[in-house]
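A short worksheet on the structure shown next.
Each value in this text was obtained by applying a stated rule to the coordinates, not by laboratory testing. Being a predicted model, the structure only gives us computed values, none of them experimental. Cβ sites come from the backbone with ideal geometry, for glycine too, and all protein chains shown count toward neighbours.
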Amino acid sequence: MEPKLWKGTTSIELKTCKAQHVWPLFEDFFGLDKWFPSITTCLPIEGKSGQPGCVRFCSGFKTVADSNGNTTGSLQERVNWTKQKLLSIDPTEMVFTYSIVEGNVGFSGYLSTVKVVPAGEGCRIEWDYEVEPVEGWKPQDLDDFIGTGLQVMANRMEAALGAYLELTKS
């Protein structure tokens with residue numbers, strides 16, 4: 001019997017970036033396309049970025065179902081998209097929770113919490129999620145999708161913040 005919800009967590013350490021530098025990049029809820037791989041569009045749908053209740057539209061990413069051919073039409077014809085709602089945010093604790101409220105990728109009941117935690121000279125990003133089982137996927141597929149996405153995000157954030165901090169030293 002398949003579990004009612006798939007639950008997972010992934011985390012990554014950024015050894016050279018402090019939590020207070022990384023947090024504003026996550027706090028910009030409408031700026032996900034700057035960091036997450038393959039998201040080409042992240043647009044505000046309603047509300048103010050970083051305020052509970054705001055909704056973003058994200059598109060352009062490829063999912064496991066794409067590579068398995070479980071989509072209708074070719075990849076060029078299909079654009080994956082989701083609408084994501086910010087449910088809560090705590091800038092002091094550097095944590096936010098959001099859900100996918102609509103989309104065409106088969107994520108029902110998706111809820112995610114992202115937290116930035118100080119760790120030594122750097123920080124750790126923790127991403128917890130739960131979702132109803134997704135047709136055409138295995139739980140490991142979702143772990144890999146989120147884990148790979150977080151790794152690329154961390155690399156991009158480290159590079160951007162490193163360049164910025166180096167520039168501001170002069």
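Taking Cα atoms only, the orientation of helix 139-169 departs from the longest principal axis of the chain by about 30 degrees. Straight-line cross-link reach from Lys83 at under 14 Å between alpha-carbon atoms covers these aspartates and glutamates, not counting any fewer than eight positions away in the same chain: Asp33, Glu46, Glu102.
For Ile45, the amide hydrogen comes within under 5 Å of the amide hydrogens of Val55, Arg56, Phe57, counting only partners 5 or more places away or on other chains and with H modelled in the peptide plane. Note on Glu121 and Thr40: the model spin-label points, each 7 Å out from Cα along the C-beta direction, lie 4.0 nm apart. Taking a straight Cα-Cα cut-off under 17 Å and skipping sequence neighbours fewer than 8 places away in the same chain, the lysines within cross-link reach of Lys7 are Lys115, Lys138. Listed by chain and number, the aspartates and glutamates whose alpha-carbon sits under 20 Å from that of Lys18, ignoring those within fewer than 8 places in the same chain, are Glu27, Asp28, Asp90, Glu93, Glu121, Glu126, Glu158, Glu166.
Just one of (1) 0.94; (2) 1.00; (3) 0.98 is Rg/Rh (Cα atoms, Kirkwood Rh) as worked out from the coordinates here. Which one is it? Computed from the coordinates, Rg/Rh (Cα atoms, Kirkwood Rh) corresponds to (3).
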